[in-house]
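So the structure is just underneath, and the comments pick up after that.
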Amino acid sequence: MTLRIGIIGCGGIANGKHMPSLAQVAEVEMVAFCDIIEERAVKAKADFGTETAEVYTDYKKMLAEAKLDVVHVCTPNSSHAPLTIAALEADNHVMCEKPMAKTSAEAKEMIAAAKRTGKKLTIGYQNRFRTDSQYLHEVCSDGELGDIYFGKAHAIRRRAVPTWGVFLDEEAQGGGPLIDIGTHALDLTLWMMNNYKPKFVVGKAYHQLSQTKNAANAWGPWDPDKFTVEDSAFGFITMENGATIFLESSWALNSLDVKEAKTTLAGTKGGADMNDGLSINGEDHGLLYEKKIELETGGVDFYDGAGDDPALKEAESWVAAILNDTEPVVKPEEALVVTEILEAIYQSSAKGEPVFL
Ligand SMILES: NC(=O)c1ccc[n+]([C@@H]2O[C@H](COP(=O)([O-])OP(=O)(O)OC[C@H]3O[C@@H](n4cnc5c(N)ncnc54)[C@H](O)[C@@H]3O)[C@@H](O)[C@H]2O)c1
């Protein structure tokens, strides 16, 4: 069976991740492309579509006409919930980009729609499919770190503010680095800890560097007048079982300690960090040890191994879940908890007090 896939939003992440990955998966064909900027959908069809693929500027028309099995939602955050719910109700399985939604209320509606329609829903947390993440997840699942009672979720950039699209717009995105890249780091950390029961959250969001004019930035200076989201946000999360997580996120921070989509874990039997590749640490025979994991599978002349393409692994895993009728690796209920925690950090910052979940 060949799955008919439609893409809504043919911008950065659709071109950078979804479409090139799906193009390598045998069991699918991309037959419909929708973008409010028509030439983007036209180009996506030319680059990745079947010959007879259709181009749309209205997602409702696409959902009504294109006879799809699967829809990938790759639009700005504010439209994730309405587009996902519409696609589920049009009888499609949906992969929605991260963050799941702007608010936990919307995320809950998305889950309710998936339950109501019996369709699958997953969220685009491709960092789970990296070789280091997959290995560390096995280590954690096998109990090698013991009871993990402290985690750090890292999403720190020194100056890399995304200046395209609507990333700086509070209304369209619901927030800045916390909801944009903090979401990946927190997802990884919760997944490793296998702990989805937060109790309370203390957080603070900052607008300290957003008004800098002519800023040194990876993607060129930003426009201070358009920068309505935070530039950094930090949170401390206490879980029901007493475990704690420190979450750090920034697009612009005066710090040399830069790391993104990484987690650090400390458990009763051992710890792990992704600071310089993947390393596991612990105590053995009365001495401390650090184990470095070889992430390259190569070692043979002219052969570099299977390689690390988390985007392709994400696409393959998602298509397999649909075809085999199994649960996707990223469950919407897990992404909801990420959304709830991020929302609580923003609320705690606004109120100046802890927020209980
Ligand atoms: N997984 C990741 O690591 C990752 C990386 C980057 C972006 N993202 C997520 O992907 C989403 C999009 O980000 P991007 O960088 O691709 O942005 P982008 O601005 O490059 O692309 C978004 C596209 O959606 C189109 N669009 C907007 N509203 C639409 C609608 N109602 N119907 C049809 N098309 C519509 C826009 O015209 C644009 O072409 C965001 O939610 C972002 O958080 C995820």
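Per the listing A272, A185, the residue uniquely among the aliphatic types (A, V, I, L, M) and touching a His at 6+ places or on another chain (Cβ under 7 Å) is A185. Remark: P82 falls outside the filter, which requires a residue to be closer than 23 Å to Y125 by Cα and part of a loop (DSSP other than H, G, I, E, B). Against the numbered list (1) surrounded by fewer than 20 Cβ atoms within 10 Å (Cβ to Cβ); (2) of a type in the set (A, V, I, L, M); (3) touching a residue at least 24 places away in the same chain (Cβ under 8 Å), M62 comes up short only at (1). If you go through the range 76-85 one residue at a time, do you hit one that is loosely packed, with under 15 Cβ neighbours inside 10 Å and closer than 20 Å to A335 by Cβ? No, because not a single residue in the range 76-85 is loosely packed, with under 15 Cβ neighbours inside 10 Å and closer than 20 Å to A335 by Cβ. Taking the condition within 13 Å of the ligand (Cβ to nearest atom), closer than 27 Å to K269 by Cα and of a type outside the set (G, A, S), does D187 pass? Spelling it out, D187 is indeed within 13 Å of the ligand (Cβ to nearest atom), closer than 27 Å to K269 by Cα and of a type outside the set (G, A, S). Looking at the range 2-27, which of the residues that are within 16 Å of the ligand (Cβ to nearest atom) and among the β-branched types (V, I, T) is nearest to A86 (Cα to Cα)? Filtering the range 2-27 for residues that are within 16 Å of the ligand (Cβ to nearest atom) and among the β-branched types (V, I, T), the one nearest to A86 (Cα to Cα) comes out as I8.
In the range 142-170, the qualifying residues are those that are closer than 30 Å to P20 by Cβ and not in a loop (DSSP other than H, G, I, E, B), and the one that is nearest to the ligand (Cβ to nearest atom) is A155. Only one of the numbered conditions (1) in contact with a Pro (Cβ under 7 Å, 6 or more places away or on another chain); (2) more than 30 Å from W164 (Cβ to Cβ) is violated by N214, and that is (2). Going by what's in this entry, would E290 be described as at pLDDT 95 or above and surrounded by fewer than 15 Cβ atoms within 10 Å (Cβ to Cβ)? Yes; evaluated as a whole, the condition is true for this residue. Looking across the range 65-75 at every residue that is outside any strand (DSSP E or B) and away from the ligand (no atom under 14 Å from the Cβ), the one that is farthest from the chain's Cα centre (by Cα) is identified as E65. Set side by side, the residues V25, V55 differ, and just one is at pLDDT 95 or above, part of a strand (DSSP E or B) and surrounded by fewer than 22 Cβ atoms within 10 Å (Cβ to Cβ), which is V55. If I filter the range 87-105 down to residues being without any contact (Cβ under 8 Å) to a residue 60 or more places away in the chain and either crowded, with 18+ Cβ neighbours inside 10 Å or not small (G, A, S) (or both), which single residue comes out as farthest from the ligand (Cβ to nearest atom)? That would be D91. Here is the figure for the range 10-22: residues that are in contact with a helix residue (DSSP H, G or I) (Cβ under 6 Å, 6 or more places away or on another chain) and either in a helix (DSSP H, G or I) or on the phi > 0 side of the Ramachandran plot (or both) total 4. Cβ separations smaller than 7 Å between residues 6+ apart or across chains give no pair from the range 244-260 residues that are free of Cβ contacts under 8 Å to residues at least 40 places away in the same chain and among the acidic types (D, E) to residues that are exposed (fewer than 14 other Cβ atoms within 10 Å of the Cβ) and assigned to a strand (DSSP E or B). Scanning the range 28-50 for residues that are within 10 Å of the ligand (Cβ to nearest atom), outside any strand (DSSP E or B) and within 15 Å of V71 (Cα to Cα) gives D35, A41, A44.
The values are calculated or read from the model by the stated rules, or taken from the named source; none is laboratory data. Just so we're clear, the structure is a prediction, and the values are computed from it rather than from any experiment. All Cβ positions, even for glycine, are placed from backbone atoms using ideal geometry, and neighbour counts span all protein chains on display.
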